[in-house]
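Everything on this sheet refers to the single structure shown next.
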Amino acid sequence: MNAIATNLPREELLAMYERMLLIRLVEEQLARDCAAGKLPGPVHLYVGEEAIAVGVCRHLDDRDWITSTHRGHGHFLAKGGDPARMLAEIYGRASGICGGFGGSMHVADFSKGIIGANGVVGGGIALAAGAALAAQLDGDGRVAVAFFGDGAANQGVLAEALNVAALWKLPLVLVCENNGFSEFSPTATVTSGRIVERARPFGVPGIEVDGNDVLAVWQAAHVAVRRARAGEGPTLIEALTYRTRGHVEYEVTFLSEPYRDEAEVEAWKHKDPIPRLASYLFEHELAHPEELHAIEERVAQIVAEAVRFAENAPEPDPAGARGHMFANPR
Ligand SMILES: Cc1ncc(C[n+]2csc(CCOP(=O)(O)OP(=O)(O)O)c2C)c(N)n1
């Protein structure tokens with residue numbers, strides 16, 4: 001671990017612990033909701049990958065932009081999105097962050113710089129490149145971050161974004177979350193070479209990082225965001241991680257056979273980023289178990305209130321659906 005990350009103030013470490021936990025508890029809630037048949041649409045959960053969104057977004061403020069993926073709840077919450085309005089959106093309610101018309105794969109909040117989750121694999125990469133160009137034209141020091149998966153790294157748009165961002169020195173940070181799978185295909189069966197090395201032909205720095213170590217992610221993002229803000233151009237970060245839940249929550253209902261080894265899943269659960277940060281805090285005498293317990297209770301309370309808000313919110317008026325489809329409806 002780099003010296004800067006290990007010298008982080010205790011408050012910063014506790015804030016990261018709390019935010020990772022918020023994502024985890026919201027996702028576990030959604031897993032239960034999905035199993036109970038409560039959700040109107042599919043959810044792709046981020047369980048096990050929380051350190052990436054949190055370690056990166058700690059360097060951003062509301063004016064910076066992020067783009068996300070179909071697995072986007074963690075990015076939304078890490079960037080400061082409201083859990084209650086996100087849950088209401090996923091439950092399809094009028095108080096949802098997009099009025100209940102977007103659902104899980106479209107949670108967005110421009111006031112927080114969250115351009116949105118995205119059902120188009122790789123779609124967020126181009127949107128972030130555009131946001132980075134806008135930031136550069138505005139000259140106000142904002143940066144844009146694209147989160148995307150290893151599957152998305154095989155879309156041509158990554159090369160296009162690397163090319164133009166390197167050429168124009170755009171304030172862009174490309175964060176590939178390599179969780180070992182693209183739907184049900186192991187990464188090794190669909191991806192050649194190392195993703196991090198795809199930056200090199202464009203003269204862009206590439207940083208490979210343990211995506212389950214929030215301090216390592218924080219450190220990599222520190223370097224990349226500083227570079228972007230200083231006008232030095234883009235960076236590609238490849239964060240190695242694993243999704244310990246399915247690709248999509250209800251996959252058990254349509255998969256005829258398992259596509260991965262249970263022992264592998266269990267092994268990765270032992271690298272869970274949240275207990276890992278807790279162990280770091282205890283080992284370095286930066287927190288007592290009671291303190292973390294108090295954080296856990298506080299976060300559980302926030303999630304319970306968010307669920308209550310979402311459950312009690314009204315359904316949207318179906319007559320309004322087309323109003324959200326066009327900027328200037330005729
Ligand atoms: C352009 C496009 N192609 C295919 C799909 C179908 N699809 C949805 S998720 C997914 C896998 C994406 O894998 P990855 O980018 O590694 O993200 P992960 O699900 O692992 O987080 C695919 C192929 C899609 N939504 N969009």
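The values are calculated or read from the model by the stated rules, or taken from the named source; none is laboratory data. This structure is a prediction, so every number in the text was calculated from the model and none was measured. When we count neighbours, we look across all protein chains shown, and the Cβ atoms used for this are built from the backbone with ideal geometry, even at glycine.
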Exercise. Just one of 227, 245 is within 30 Å of residue 170 (Cα to Cα), buried (at least 17 other Cβ atoms within 10 Å of the Cβ) and at pLDDT 95 or above; which is it?
Worked result: 227
For this session: Report whether or not residue 240 is in contact with a Leu (Cβ under 6 Å, 6 or more places away or on another chain) and either crowded, with 16+ Cβ neighbours inside 10 Å or under 16 Å from residue 27 (Cα atoms) (or both).
Result: no
Exercise. Looking at residue 71, is it out of contact with any helix residue (DSSP H, G or I) (no Cβ under 6 Å at 6 or more places or on another chain) and within 16 Å of the ligand (Cβ to nearest atom)?
Worked result: yes
Exercise. Mind checking which residues of the range 249-304 are without any contact (Cβ under 8 Å) to a residue 40 or more places away in the chain, of a type in the set (Gly, Ala, Ser) and in a helix (DSSP H, G or I)?
Worked result: 263, 267, 279, 294, 304
For this session: Mind listing just one residue for me: the one in the range 146-170 that is away from the ligand (no atom under 16 Å from the Cβ), of a type in the set (A, V, I, L, M, F, W, C) and in contact (Cβ under 8 Å) with a residue 24 or more places away in the chain and, of those, surrounded by the fewest Cβ atoms within 10 Å (Cβ to Cβ)?
Result: 168
Exercise. Hey, residue 119 hits all of (1) modelled with pLDDT of 95 or more; (2) more than 16 Å from the ligand (Cβ to nearest atom); (3) assigned to a loop (DSSP other than H, G, I, E, B) but one; which does it fall short on?
Worked result: (2)
For this session: Report yes if residue 94 is away from the ligand (no atom under 12 Å from the Cβ), hydrophobic (A, V, I, L, M, F, W, C) and in a helix (DSSP H, G or I), otherwise no.
Result: no
Exercise. Filtering the range 199-247 down to residues that are part of a loop (DSSP other than H, G, I, E, B) and in contact with a Pro (Cβ under 6 Å, 6 or more places away or on another chain), which residue is nearest to the ligand (Cβ to nearest atom)?
Worked result: 212
For this session: Return the total of residues in the range 153-187 being closer than 22 Å to residue 230 by Cα, under 21 Å from the mean Cα position of the chain (by Cα) and part of a helix (DSSP H, G or I).
Result: 2
For this session: Please indicate, with yes or no, whether at least one residue in the range 16-25 is out of contact with any strand residue (DSSP E or B) (no Cβ under 8 Å at 6 or more places or on another chain) and without any contact (Cβ under 8 Å) to a residue 60 or more places away in the chain.
Result: yes
For this session: Select from the range 68-104 the residues that are closer than 15 Å to residue 309 by Cα and of a type in the set (D, E, K, R) and list them in ascending order.
Result: 82, 85, 89, 93
Problem set entry | Residue, nearest to the chain's Cα centre (by Cα), within the range 188-198, restricted to residues that are away from the ligand (no atom under 11 Å from the Cβ) and in contact (Cβ under 8 Å) with a residue 12 or more places away in the chain | 196
Seminar exercise, completed: Taking the range 248-288 and keeping residues within 16 Å of the ligand (Cβ to nearest atom) and under 25 Å from residue 16 (Cα atoms) leaves 265, 268, 273
